[in-house]
1. If you take the residues in the stretch 40-60 that are in contact (Cβ under 8 Å) with a residue 24 or more places away in the chain and among the hydrophobic types (A, V, I, L, M, F, W, C), which one is surrounded by the fewest Cβ atoms within 10 Å (Cβ to Cβ)?
2. Scan the stretch 123-133 and tell me whether some residue there is open to solvent by 70 Å² or more (accessible area, probe 1.4 Å) and within 23 Å of ARG48 (Cβ to Cβ).
3. In the stretch 74-95, how many are assigned to a strand (DSSP E or B) and of a type in the set (A, V, I, L, M, F, W, C)?
4. State the number of residues belonging to the stretch 87-109 that are of a type in the set (S, T, N, Q) and open to solvent by less than 60 Å² (accessible area, probe 1.4 Å).
5. So the check is Cβ under 8 Å with 6+ separation or different chains; which pairs have a first residue in the stretch 1-22 that's part of a helix (DSSP H, G or I) and a second one that's modelled with pLDDT of 90 or more?
6. Within 24 Å of LEU98 (Cα to Cα), touching a strand residue (DSSP E or B) at 6+ places or on another chain (Cβ under 8 Å) and open to solvent by less than 100 Å² (accessible area, probe 1.4 Å): which single residue out of LEU25, LEU20, LEU30, LEU63 fits that description?
7. Among the numbered criteria (1) touching a His at 6+ places or on another chain (Cβ under 8 Å); (2) under 23 Å from LEU98 (Cα atoms); (3) among the charged types (D, E, K, R), which single criterion is violated by ASP46?
Amino acid sequence: MPETAPPPPGPQLTQAHRELLDQVLDKWSLQVLDALCEHGPLRFNDLRRAIPVVTQKSLTTALRRLERNGMVDRVVTNTRPVAVEYRLTPLGRSLQDLIDALLRWATGTLPEVERARTRFDQQVEAGQASPRTS
């Protein structure tokens, strides 16, 4: 009987992967990407209105990080007064289906996650479990 070879290993999570995912999927970057996917190109203040809880500093940091990673283009318009618009690059647009999938997953699993959190918190309060620190 011939031996079957094990399947090839999947991609390994490296430091470079962690860094990219941390920078693209952090709290504000994810919301910026979602807003640009939904609305198309936006000016800075339009992005602030689309994400009302973000501070100016946090939005600026997220936009610069996304621009550095090639997900967003910063376009200076040739108008008076000069305006700056942010738009997704093709690389940034390639994340749209993944972001939608993550949001569908989060929406579908959130009730189960909330029940697990409640159970855990009740066990901690009752002294039956303790939060672990690493």
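1. Residues of the stretch 40-60 that are in contact (Cβ under 8 Å) with a residue 24 or more places away in the chain, as a first pass: 40-44, 47, 54, 58-59.
Right, trim to among the hydrophobic types (A, V, I, L, M, F, W, C) and you get 42, 44, 47, 54, 59.
Details: LEU42: 18, PHE44: 16, LEU47: 20, VAL54: 19, LEU59: 19.
The qualifying residue surrounded by the fewest Cβ atoms within 10 Å (Cβ to Cβ) is PHE44.
2. Of the stretch 123-133, the ones open to solvent by 70 Å² or more (accessible area, probe 1.4 Å) are 123, 125, 128, 130-133.
Subset that is within 23 Å of ARG48 (Cβ to Cβ): none.
No, there is no match, as no residue in the stretch 123-133 is open to solvent by 70 Å² or more (accessible area, probe 1.4 Å) and within 23 Å of ARG48 (Cβ to Cβ).
3. Start the filter on the stretch 74-95 by keeping residues that are assigned to a strand (DSSP E or B), which leaves 74-77, 83-88.
Those left that are additionally of a type in the set (A, V, I, L, M, F, W, C): 75-76, 83-84, 88.
Going through the stretch 74-95 one residue at a time, the tally reaches 5.
4. Narrowing the stretch 87-109 to residues of a type in the set (S, T, N, Q): 89, 94, 96, 107, 109.
Then keep just the ones that are open to solvent by less than 60 Å² (accessible area, probe 1.4 Å); that gives 89, 109.
Here the count works out to 2.
5. LEU20/ASN69
6. Working: LEU25 fails: touching a strand residue (DSSP E or B) at 6+ places or on another chain (Cβ under 8 Å); LEU20 fails: touching a strand residue (DSSP E or B) at 6+ places or on another chain (Cβ under 8 Å); LEU30 fails: touching a strand residue (DSSP E or B) at 6+ places or on another chain (Cβ under 8 Å).
Going through LEU25, LEU20, LEU30, LEU63 in turn, just one is within 24 Å of LEU98 (Cα to Cα), touching a strand residue (DSSP E or B) at 6+ places or on another chain (Cβ under 8 Å) and open to solvent by less than 100 Å² (accessible area, probe 1.4 Å): LEU63.
7. Of the numbered conditions (1) touching a His at 6+ places or on another chain (Cβ under 8 Å); (2) under 23 Å from LEU98 (Cα atoms); (3) among the charged types (D, E, K, R), the odd one out for ASP46 is (2).
Rundown of residues vs (1) outside any helix (DSSP H, G or I); (2) among the charged types (D, E, K, R); (3) at pLDDT below 90; (4) under 14 Å from the mean Cα position of the chain (by Cα), yes/no style:
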{"site": "LEU33", "(1), (2), (3), (4)": "no, no, no, yes"}
{"site": "GLU38", "(1), (2), (3), (4)": "no, yes, no, no"}
{"site": "ASP46", "(1), (2), (3), (4)": "no, yes, no, no"}
{"site": "ARG64", "(1), (2), (3), (4)": "no, yes, no, no"}
{"site": "TRP105", "(1), (2), (3), (4)": "no, no, no, yes"}
{"site": "LEU110", "(1), (2), (3), (4)": "no, no, no, no"}
{"site": "THR118", "(1), (2), (3), (4)": "no, no, no, no"}
{"site": "ASP121", "(1), (2), (3), (4)": "no, yes, no, no"}
{"site": "GLN128", "(1), (2), (3), (4)": "yes, no, yes, no"}
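The values are calculated or read from the model by the stated rules, or taken from the named source; none is laboratory data. Given the structure is predicted, the values throughout are model-derived calculations rather than measurements. Backbone-built Cβ (ideal geometry, glycine too); neighbour counts: all protein chains shown. Calculation scope for accessible area: heavy atoms of the full protein, side chains included, ligands and nucleic acids excluded. Shrake-Rupley method; radii C 1.70, N 1.55, O 1.52, S 1.80 Å.
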